[in-house]
Amino acid sequence: MRIHVDGDKCQGHNRCHALAPELFELDDYGTAHETGDGAVPAHLEDRARLAVANCPEFAIEIMEGDAP
Amino acid sequence: MTDLDRESASGRAGTSTRDAAVRQVVGDDRTDVVSTPHGPVTDWANDFDHTDPVWAADPYPIWDELRGTCPVAHTERYGGAWLPLTHELVSEVAYDTEHFSSRSIIVTGSRPGDIAPVGIAPPISSDPPFHHGARRLLLPEFTPKAIAPLEPFTRAYCNGLLDEVAGNDVVDAAIDYGQHIPVRVIAKMLGFPASDADRFRTFVYDALERVDRPPAERGETIGHLVDYISTQMAEHQAEPRDDLTSYLLGAEMDGEVISHRHVFGTIALLLLAGIDTTWSAIGASIWHLAKTPDDRERLVAEPDLIPTAIEEFLRAYAPVTMARLVKDDFDFHGCPMKADDWVLLPFPSANRDPEAFERADEVIIDRSENRHAAFGLGIHRCLGSNLARLELRIAIETWLERYPNFTLADPDAVRWSGGQVRGPRVLPVRILPA
C-alpha cells in the first residue's frame, strides 16, 4: 500500500498526523506530506485507512500495491 | 503609513482613527443600514433567524427538517441571507471563493465598507490572493509542534480553576471553568496581562453575540476593543517581547513589514475567534458527559479514548457557523442570490447530515470515521484548530480526573448562546461522590 497527500487539497487540519504520525509529516506551515515515498508498512495499513477516513478535505489518496 | 499606524506607534488612537477602525468592525452605518425585522420565527424556510431563541435552545430539529425539505433557506432579515443546510452545499460554498467573499464573516444588519484587501480581521476576512500571505504569517505559530509547549501551562491552569471551586456541590462548567481557559491561553500567546481576562470576554460578547444591536451602539462598545488593542500594540512597540504581538509587529509580507492596521485586525481576530468558540466546545462536551453516564464512565475508564471522543463532540456539537457575502448576483442551485446577500455556513448542520455521516444524529464517542467540518473547510480552515483541540483535550482530561462522577444540576437552567457561535453559557453541574 502507498499513500499520497494532495498538497492542493490539504488545508492543514492535521488529523492524519495525529492519527498516524509515522506516515505523515507536517511542514512549517502545517501542511501534511506522506513520509518518504509514501510506502506503508503492512502493520500500519489500518492506520493509513484511518487517516484517510478522517481527512475533512478528502486530500489523502491510497494506492494498493507496491511502489511502481 | 495610515493614521492608525502613526497613532498606534505613538501609543494612542485618535478620535478619527478610532471611528474608522470601529467602522471597519461594525460596518459603515452611513451607507447600508438595513433594519432587521426581528420577531419570533414562524417560517424557518423563508424567514429564518439564527439569533432566534428557539434556534439557540435546540437548532437540530430545525436543521434536520430544512435539510430534508429545503436545502437552502432564505430570510429578508439582516438585509437578505441564505442558509444552505447539507454537507454538500455547505462544502460547495466554503470552497467557492470566486462567488463568495469573506469580507465579513459575522452576519449583521450592515455591510463592511471597502476595506479590501486587508479586511477587518486578516486572514479570516481576506479573500485571495491577499489571504494566502496573511495566513502564512500565522500558520507556523499554530502548528502542533509550535503550540505543544503550552500544554503544561494549560493543564496547570485548568487544575487551578478546579482548585478554586474545590468542595462545592455544584460547579458551573461554563462560568467557573470553560470560559476562562481559552482567554488565559490566548492572553499568554499575545503577551497581554492575565488580569484583563474579564475585559476580553466583554469584547467577545459585544462583537459576536450582540449582532442585533444598532450600529451606533455596536460601535461604542467595540471602540473599547480598539482602544485596548491599540494600547497593547504601543506597549509592545516600545518594549518588544517574545510573544505573538511582538512577532506580528515585525512580521513581513512580500518583503515589507505589515501595516499596523493589519496587525490590529489579526490581534482582534485571535482575541475574538479563539475565545467563545473553544469555551463553547468545552461546555458542550461536559454537558454531554453530564447527561450521558455511559459515555462518562467509559472515558474515565479509557482515557486514551478522549481524543477520539473529542472529535465526535466537535462533530455533534460544532460551535461555529461562518458566513460569506455574495460577490455578484448569481444563481446558486436555483437560489437567486444578490450581491451583498449573506450566506451562512452552518458547519454544525453539515456535521449532522445523514448523507455524509452514518447515524449522524447519534453521539458515538468511538466513531472511527469522522470527517467532520467543525473547523471549516477550504482555505479558511480554522487557523487555531490545533490550539483549540489542545485546550479541549486538556480541559476534559483535567475535569474527568477531578470529577469522575457528575450530572446536570438542573437541565432547565442550562443556557445556550445563539448566533454564529453556539455553546452553553450557563451549565450548573452537580458533583457526585466518585
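All of the numbers you see were taken from the coordinates with simple rules; none came from a lab. None of the values given here were measured: they were computed from a predicted structure. Positions of Cβ are generated from backbone atoms using ideal geometry, with glycine treated the same way; all protein chains shown enter the neighbour counts.
If you go through region A:1-31 and pick out every residue that is outside any loop (DSSP other than H, G, I, E, B), under 14 Å from A:P56 (Cα atoms) and either more than 11 Å from chain B (Cβ to nearest Cβ) or of a type outside the set (A, V, I, L, M) (or both), you end up with 4.
Only one residue in B:I229, B:I222, B:I181, B:I186 is without any contact (Cβ under 8 Å) to a residue 60 or more places away in the chain, outside any loop (DSSP other than H, G, I, E, B) and buried (at least 20 other Cβ atoms within 10 Å of the Cβ), so which one is that?
One residue alone meets the criteria, B:I229.
Among the residues of region B:69-91, those that are assigned to a helix (DSSP H, G or I) and farther than 18 Å from B:G378 by Cβ comprise B:T69, B:R77, B:Y78, B:G79. Among all positions in region B:403-415, there is at least one residue which is of a type in the set (D, E, K, R), at negative phi, in a loop (DSSP other than H, G, I, E, B) and more than 16 Å from the chain's Cα centre (by Cα). Taking region A:6-58, which residues are within 18 Å of B:H372 (Cβ to Cβ), aliphatic (A, V, I, L, M) and without any contact (Cβ under 8 Å) to a residue 24 or more places away in the chain? Of everything in region A:6-58, those that are within 18 Å of B:H372 (Cβ to Cβ), aliphatic (A, V, I, L, M) and without any contact (Cβ under 8 Å) to a residue 24 or more places away in the chain turn out to be A:A18, A:A53. Among the conditions (1) within 11 Å of chain B (Cβ to nearest Cβ); (2) within 25 Å of B:C382 (Cβ to Cβ), the only one that A:D46 does not satisfy is (2). Among the criteria (1) touching a Cys at 6+ places or on another chain (Cβ under 9 Å); (2) over 23 Å from B:I147 (Cβ atoms), the one B:R261 does not fulfil is (1).
This table checks each residue for (1) under 27 Å from B:V41 (Cβ atoms); (2) surrounded by 21 or more Cβ atoms within 10 Å (Cβ to Cβ).
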| site | (1), (2) |
| --- | --- |
| B:T75 | yes, yes |
| B:G80 | yes, no |
| B:V90 | yes, yes |
| B:S101 | yes, yes |
| B:S104 | yes, yes |
| B:G109 | yes, yes |
| B:G113 | no, no |
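Is there a residue being of a type in the set (F, W, Y), within 13 Å of another protein chain (Cβ to nearest Cβ) and more than 20 Å from B:L270 (Cα to Cα) anywhere in region B:365-378? No: region B:365-378 contains no residue that is of a type in the set (F, W, Y), within 13 Å of another protein chain (Cβ to nearest Cβ) and more than 20 Å from B:L270 (Cα to Cα). The condition (being within 14 Å of chain A (Cβ to nearest Cβ) and either within 21 Å of B:A281 (Cβ to Cβ) or not in a loop (DSSP other than H, G, I, E, B) (or both)) is satisfied by just one residue among B:P140, B:P152, B:P128, B:P123: B:P140. In summary, B:T398 fulfils each of the numbered conditions (1) under 20 Å from B:L161 (Cβ atoms); (2) more than 24 Å from the chain's Cα centre (by Cα) with the single exception of condition (2). Cβ-Cβ under 8 Å, sequence separation 6+ or interchain: first residue in region B:351-370 and free of Cβ contacts under 8 Å to residues at least 12 places away in the same chain and among the charged types (D, E, K, R), partner surrounded by 15 or more Cβ atoms within 10 Å (Cβ to Cβ) and assigned to a loop (DSSP other than H, G, I, E, B). Which pairs? Close Cβ pairs (under 8 Å, with a partner that is surrounded by 15 or more Cβ atoms within 10 Å (Cβ to Cβ) and assigned to a loop (DSSP other than H, G, I, E, B)) amount to B:E369/A:N54.
Considering B:P307, B:P346, B:P354, the condition of being buried (at least 22 other Cβ atoms within 10 Å of the Cβ) and within 28 Å of B:S417 (Cβ to Cβ) is satisfied by B:P346 alone.
Taking region B:64-73 as the range and being closer than 21 Å to B:H372 by Cα and buried (at least 23 other Cβ atoms within 10 Å of the Cβ) as the test, only B:R67 passes. Checking B:A395, B:A373 one by one, the residue that is buried (at least 24 other Cβ atoms within 10 Å of the Cβ), among the aliphatic types (A, V, I, L, M) and more than 22 Å from B:S126 (Cα to Cα) is B:A395 and no other.
Assessment of region B:252-270 against the conditions (within 13 Å of B:L190 (Cα to Cα), in contact (Cβ under 8 Å) with a residue 40 or more places away in the chain, crowded, with 23+ Cβ neighbours inside 10 Å and touching a Pro at 6+ places or on another chain (Cβ under 6 Å)) yields at least one matching residue.
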